[in-house]
Structure formats: C-alpha cells, structure tokens
Amino acid sequence: MSVSDGPNPLILTANPRLDAALQQGWPAFGPALAKTTPVAAARWLAQRVGDPELAVTVEPLLAALAAPEPEERQEALLALAEIAEEVEDESLADALWEGALELAREQGDPDAMLEATSRLADLAERFGDLLAAAEHYIAFLNWRRQDEHASDAESVEEAFDEIVRLAEADGARQAAAAWTFRQAHYTRLLENDDERAVVGDWEDDPKPYTGWE
C-alpha cells in the first residue's frame, strides 16, 4: 500500500533514522522506535506533524511501549495509532496499527486483532487498494482457522462481510460469489451449533484463504 510521507514532508526531521525506518513499516520502525528515547521520539513525532505541544501527550505513550505488561504496550500502540490518524499521518498510523496487530497476534487477542485489521483495511481502501484491504481480513480469517484459535462468531461474519463488499467494489464478481459461498457455509455451521464454527478450522480443505487477482 502506498501512503503519504506525513502531513508536513517539507519540515526538517528531528530523527532521520526514524523517518527511514518508517518507510519500511513496523518491522523496521518498531525496533528503531525501541532504540530511541521517549523524549527524542516524542520530539520527532511532534515535529513531523507540525505540532510541538503534541510531544507532551505522546511521550508517556512512547515510554509505555517498553512496559513489561503486553496490555499496557497494546493500549499505548492503540492510542498512538489513533493520534496518528487524527493528525492525518497515514504512514505513521499504518505502521502503528501494524504493530498493534502484531502484538495482538502474539497475545492471541482476537478482538484487538480485528480492531487493528479493520483500521489497516480502512487505510488501504482509502488509498484505493481494495485487494490489500481485503487481504487484511483474509489474514484474520486464516489466523482464526488455525487449531485452537477462537473468536466471537460476529468477528468472523464481519470479516466475511467486508471481504465480499471489497470484492464487489473491486469488480471481482467471481471472488465475491466465492466468498459469499464460504460465508454461507460458515453461517450454516454456526446455526447448527457445530463446534468448528467456534474454534479451529471450519473448512474441509485446510488450504489457507487467498485474495483475488
């Protein structure tokens, strides 16, 4: 997905290393952020969006990213991602939601996973990449289908709904029909109180779901 470099790309950066890492997404940005003091990272973020007062707000959140409790780290990531969206810094928001998704996956938290998934999908759709948006939901369903993984049925249905909507919007009618069929299969299992609709894989074929061309 292609996103902008931030609201104020002409402002001289306070930390070129963070800017460079951000362009590579969370896998590079996360470690770079961890090596930067909260004060320096807060100064960088505030200067990046052109709001010096924001440093006071984000510094404790950045410090919380090193907290030993995963719940505290997750809350900090979510809050920072929300702030990035509020200041319309799509690159930063995308990376932070990616980090929130990674942490939620590590903790096996389906609700937090779906929240981050939906935000990442929204960003992809905003930039016209409907397939990339759908692939975020597809990844969530593939995670959910793994052994002993569980989530609310509503989360599965929501992911299916979004994939079908995105396929239709992308003009992929055959894919939309296929995903509608898969959702109907899942819904039947759910209505019949089949355990597969609650935990693990509900498909007879264990092959992971994929997107469309």
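A count restricted to the range 165-205 and to residues that are of a type outside the set (Val, Ile, Thr), under 19 Å from His149 (Cβ atoms) and in contact (Cβ under 8 Å) with a residue 12 or more places away in the chain stands at 11.
All of Gly128, Gly171 fail the test of being under 23 Å from Ala84 (Cα atoms) and outside any helix (DSSP H, G or I), apart from Gly128. Candidates Ala81, Ala76, Ala95: the one that is under 23 Å from Ile163 (Cβ atoms) and of a type in the set (Gly, Ala, Ser) is Ala81.
Can you name the residue in the range 89-105 that is more than 10 Å from the chain's Cα centre (by Cα) and touching a residue at least 60 places away in the same chain (Cβ under 8 Å) and is also surrounded by the fewest Cβ atoms within 10 Å (Cβ to Cβ) among such residues?
Quick first cut of the range 89-105, residues more than 10 Å from the chain's Cα centre (by Cα) only: 89-92, 103, 105.
Cutting the leftovers down to touching a residue at least 60 places away in the same chain (Cβ under 8 Å) gives us 89-92.
Details: Asp89: 23, Glu90: 20, Ser91: 23, Leu92: 26.
Filtering the range 89-105 for residues that are more than 10 Å from the chain's Cα centre (by Cα) and touching a residue at least 60 places away in the same chain (Cβ under 8 Å), the one surrounded by the fewest Cβ atoms within 10 Å (Cβ to Cβ) comes out as Glu90.
Taking interchain pairs and intrachain pairs at least six residues apart, which have beta carbon atoms under 6 angstrom, with the first residue in the range 6-34 and in the same structural domain as Glu90 (by TED's automatic domain parsing) and the second surrounded by fewer than 17 Cβ atoms within 10 Å (Cβ to Cβ) and at pLDDT 95 or above? The qualifying pairs are Ala21/Ala28. For the range 143-155, which residues satisfy the criterion of being surrounded by 17 or more Cβ atoms within 10 Å (Cβ to Cβ) and in contact (Cβ under 8 Å) with a residue 40 or more places away in the chain? Passing the criteria: Arg145, Ser151, Ser155.
Looking at Leu61, Leu78, which is the one that is within 14 Å of Ala41 (Cα to Cα) and in the same structural domain as Lys35 (by TED's automatic domain parsing)? Full working, then the answer.
Values: Leu78 fails: within 14 Å of Ala41 (Cα to Cα).
Answer to the check: Leu61.
Restrict the check to the range 48-71 and report whether at least one residue is within 23 Å of Glu154 (Cβ to Cβ), surrounded by 20 or more Cβ atoms within 10 Å (Cβ to Cβ) and not basic (Lys, Arg). No, every residue in the range 48-71 fails to be within 23 Å of Glu154 (Cβ to Cβ), surrounded by 20 or more Cβ atoms within 10 Å (Cβ to Cβ) and not basic (Lys, Arg).
Residue count for the range 176-213 under the criterion of being at pLDDT 95 or above, over 20 Å from Trp143 (Cα atoms) and within 23 Å of the chain's Cα centre (by Cα): the result is 1.
The values are calculated or read from the model by the stated rules, or taken from the named source; none is laboratory data. Quick caveat: nothing in here was measured; it's all calculated off a predicted structure. All Cβ positions, glycine included, derive from the backbone under ideal geometry; neighbour counts span all protein chains shown.
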